[in-house]
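Enquirer: Below you will find the structure I want to go over with you.
The values are calculated or read from the model by the stated rules, or taken from the named source; none is laboratory data. These numbers come from a predicted model, not from an experiment. Quick reminder, even Gly has a Cβ in these numbers, built from the backbone with ideal geometry, and neighbours come from all protein chains shown.
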């Protein structure tokens, strides 16, 4: 997935004021203050569950909803989440999103490499949530087989491993002729440039748990995790020279999933 938060200082995205909160922003801000659900899901390790809580009360609630449907097929998991989202006023269409947040921000922007649409194509659409955050509409099934896998891997484990670029769950974009089932998340808006693959490698091996995969230079492995999609389009090198991983695809290692095999 290739998404660029900012490719240079002279980015083409105007800094706007986001003082008028619409239905999506206002509902999310109200729900995130409800602390009653946090720390009630214990699917992962204690530290990884902190990553789930960082993803917000809607993220924890969605996980708890699906715990009773863990063995259900994809359609049943999606249907249950859509039902939950309707009941909690966090089911939105792309039309809802575009009315509140405007046009998908990279739709007509060319990157410094001349690409016409650096949004990651099939996986995600990116919007400005406010001056400090992005809103992303992400199709889970590029890397995960079921919705529950996205909540575990792309939110909880991502937030644990890469806390600077944590995701918060805003809601669900429901199925339909136009809107394919997707998760709507909020993420810090990082300003910087794209690093090189060598810079990414140096950053990853700082954590001595990880080694680069022999067959895929964008995959890193440890005893606990497999992290895919670590190419240059999914990192930002901040203007402070700090490295930020914005769109990894982590999951538990086979050892963690199935024990010693």
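Enquirer: For region 96-141, how many residues are more than 12 Å from the chain's Cα centre (by Cα) and either at pLDDT below 90 or not in a helix (DSSP H, G or I) (or both)? Steps first, answer last, please.
Expert: Let us first name the residues in region 96-141 that are more than 12 Å from the chain's Cα centre (by Cα), namely 96-122, 127-133, 141.
Going one step further and asking which of them are either at pLDDT below 90 or not in a helix (DSSP H, G or I) (or both), we end up with 102-122, 127-133, 141.
Here the count works out to 29.
Enquirer: Mind listing whichever residues of region 53-76 are in contact (Cβ under 8 Å) with a residue 24 or more places away in the chain, part of a helix (DSSP H, G or I) and under 27 Å from residue 165 (Cα atoms)?
Expert: 54, 57, 58, 59, 61, 62, 63, 64, 66, 67
Here's the yes/no breakdown for (1) in contact with a helix residue (DSSP H, G or I) (Cβ under 8 Å, 6 or more places away or on another chain); (2) more than 24 Å from residue 150 (Cα to Cα); (3) at pLDDT 95 or above:
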| residue | (1), (2), (3) |
| --- | --- |
| 203 | no, yes, yes |
| 208 | no, yes, no |
| 213 | no, no, yes |
| 216 | no, no, yes |
| 219 | no, no, yes |
| 225 | yes, no, yes |
| 230 | yes, no, yes |
| 237 | yes, yes, yes |
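Enquirer: Residue check: is residue 87 assigned by TED's automatic domain parsing to the domain that holds residue 155 and loosely packed, with under 13 Cβ neighbours inside 10 Å? Reasoning before the result, please.
Expert: Values: assigned by TED's automatic domain parsing to the domain that holds residue 155: yes; loosely packed, with under 13 Cβ neighbours inside 10 Å: yes.
Taking the combined requirement at face value, the residue satisfies it.
Enquirer: Let me ask something else about it. Return the residue satisfying two criteria in turn: it lies in region 200-220 and is more than 20 Å from the chain's Cα centre (by Cα) and either touching a residue at least 60 places away in the same chain (Cβ under 8 Å) or part of a strand (DSSP E or B) (or both), and of such residues it is surrounded by the fewest Cβ atoms within 10 Å (Cβ to Cβ).
Expert: Here the answer is 211.
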